[in-house]
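Read through the structure below, which is laid out as structure tokens, and then see the notes.
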Amino acid sequence: MNKKNIVLCGFMGSGKTAVGKQLSRLTSLNYVDIDNYIERKTGKTISEIFAESGEQHFRDLEYEAAKELSLKKGYVISAGGGTLLYERNVQVLKESCTVIFLDVPLSAIKYRLRNDTKRPLLQRPDKDRVMEELYNQRMPLYLKAADYRIDATKSPIGVAKDICKIIKK
Ligand code: S3P
């Protein structure tokens, strides 16, 4: 790995947080989750930020976080499901990070998120349709942003081990 950090990207429920924690353990890199970073900085949950100030405000906070985290060295960074969809985030993160896309089929995502109550974009009755639409829109953008795509249907530790093999090459 030539770059200083690793960013994990992918759809909600693709395992960015769980895999990121395992990868940090295996590599001894520090770990940070962009959503957590924003929550700590603002003292609000992501749901509160969406509810009180709207998605655009959240996207601006996400950009600030991406800029700040891109200055760090030696981190595994779990992005949010929307982070790498925005060119401004891709630009700052790719300066210092290798981007890995966690690829999980829509059917598995739907199953993993069937009881989700935390993600503001999915708290609606037509959740399945929204997931399908977002998934199809986003796939090409994740692929465009990523340096590597990895099958992320395995357990988090299995996926983290596969990532280690790739970054050591
Ligand atoms: C979002 C995904 C969430 C969080 C926010 C928006 C998205 O992160 O950043 O709710 O646009 O896909 P996770 O992918 O960690 O759920």
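The values are calculated or read from the model by the stated rules, or taken from the named source; none is laboratory data. These figures come from a predicted structure and were not determined experimentally. Heads up, the Cβs are rebuilt from the backbone with ideal geometry, glycines too, and the neighbour counts pull from every protein chain shown. Only protein heavy atoms, including side chains, enter the accessible area calculation; ligands, DNA and RNA are left aside. Shrake-Rupley method; radii C 1.70, N 1.55, O 1.52, S 1.80 Å.
Take the conditions touching a residue at least 12 places away in the same chain (Cβ under 8 Å), open to solvent by 40 Å² or more (accessible area, probe 1.4 Å), among the basic types (K, R) and part of a helix (DSSP H, G or I) and apply them to R88. Does it pass? Don't jump to the end; show me each part of the working.
Numbers: touching a residue at least 12 places away in the same chain (Cβ under 8 Å): yes; open to solvent by 40 Å² or more (accessible area, probe 1.4 Å): yes; among the basic types (K, R): yes; part of a helix (DSSP H, G or I): yes.
So R88 fits the description; yes.
Could you tell me whether the range 69-76 includes any residue that is under 26 Å from T117 (Cβ atoms), of a type outside the set (F, W, Y), at pLDDT 95 or above and part of a strand (DSSP E or B)? First the steps, then the outcome.
Step one: of the range 69-76, the residues under 26 Å from T117 (Cβ atoms) are none.
No, every residue in the range 69-76 fails to be under 26 Å from T117 (Cβ atoms), of a type outside the set (F, W, Y), at pLDDT 95 or above and part of a strand (DSSP E or B).
Of the conditions (1) within 23 Å of E64 (Cβ to Cβ); (2) within 16 Å of the ligand (Cβ to nearest atom); (3) open to solvent by 60 Å² or more (accessible area, probe 1.4 Å), K21 clears all except one; give me its number.
(1)
Within the range 117-133, can one find any residue that is within 14 Å of the ligand (Cβ to nearest atom), part of a loop (DSSP other than H, G, I, E, B), under 17 Å from the mean Cα position of the chain (by Cα) and within 24 Å of E48 (Cβ to Cβ)?
Yes; the residues of the range 117-133 include at least one that is within 14 Å of the ligand (Cβ to nearest atom), part of a loop (DSSP other than H, G, I, E, B), under 17 Å from the mean Cα position of the chain (by Cα) and within 24 Å of E48 (Cβ to Cβ).
In this structure, is F58 of a type in the set (F, W, Y), out of contact with any Pro (no Cβ under 6 Å at 6 or more places or on another chain), part of a helix (DSSP H, G or I) and over 21 Å from A152 (Cβ atoms)? It would help to see each step written out before you state the result.
Details: of a type in the set (F, W, Y): yes; out of contact with any Pro (no Cβ under 6 Å at 6 or more places or on another chain): yes; part of a helix (DSSP H, G or I): yes; over 21 Å from A152 (Cβ atoms): yes.
Yes: the conditions hold for F58.
Being among the polar types (S, T, N, Q), more than 21 Å from L122 (Cβ to Cβ) and not in a strand (DSSP E or B) is the filter here; which residues of the range 1-23 pass it? Outline the logic, then answer.
Quick first cut of the range 1-23, residues among the polar types (S, T, N, Q) only: 2, 5, 14, 17, 22.
If we keep only those that are more than 21 Å from L122 (Cβ to Cβ) too, we end up with 2, 5, 22.
If the condition is that a residue be among the polar types (S, T, N, Q), more than 21 Å from L122 (Cβ to Cβ) and not in a strand (DSSP E or B), then N2, Q22 are the ones that fit.
Considering only residues that are open to solvent by less than 20 Å² (accessible area, probe 1.4 Å) and not in a helix (DSSP H, G or I), which ones fall in the range 32-55?
Matches in the range 32-55: V32, D33.
Is it the case that the range 55-66 has a residue that's modelled with pLDDT of 95 or more and on the phi > 0 side of the Ramachandran plot? Give the derivation first.
Initial filter on the range 55-66 (modelled with pLDDT of 95 or more): 55-66.
This time we only want the ones that are on the phi > 0 side of the Ramachandran plot, so: none.
Within the range 55-66, not a single residue is modelled with pLDDT of 95 or more and on the phi > 0 side of the Ramachandran plot.
Which residue out of Y111, Y148 is in contact (Cβ under 8 Å) with a residue 24 or more places away in the chain, of a type in the set (F, W, Y) and open to solvent by 60 Å² or more (accessible area, probe 1.4 Å)? Can you show your working first?
On the way: Y111 fails: in contact (Cβ under 8 Å) with a residue 24 or more places away in the chain.
Only one candidate qualifies: Y148.
Okay, residues lined up against (1) within 11 Å of the ligand (Cβ to nearest atom); (2) surrounded by 21 or more Cβ atoms within 10 Å (Cβ to Cβ):
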{"site": "V7", "(1), (2)": "no, yes"}
{"site": "E62", "(1), (2)": "yes, yes"}
{"site": "G74", "(1), (2)": "no, no"}
{"site": "T83", "(1), (2)": "yes, yes"}
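Taking the condition of being closer than 28 Å to K127 by Cβ and either free of Cβ contacts under 8 Å to residues at least 24 places away in the same chain or within 10 Å of the ligand (Cβ to nearest atom) (or both), how many residues in the range 24-39 meet it? Before you say what the answer is, go through the steps one by one.
Here is the first cut: in the range 24-39, the residues closer than 28 Å to K127 by Cβ are 33-39.
Of the ones still in play, those that are also either free of Cβ contacts under 8 Å to residues at least 24 places away in the same chain or within 10 Å of the ligand (Cβ to nearest atom) (or both) are 33-36, 38-39.
Qualifying residue count, the range 24-39: 6.
Is the range 110-132 home to any residue that is at pLDDT 95 or above, within 14 Å of C9 (Cα to Cα) and not small (G, A, S)?
no
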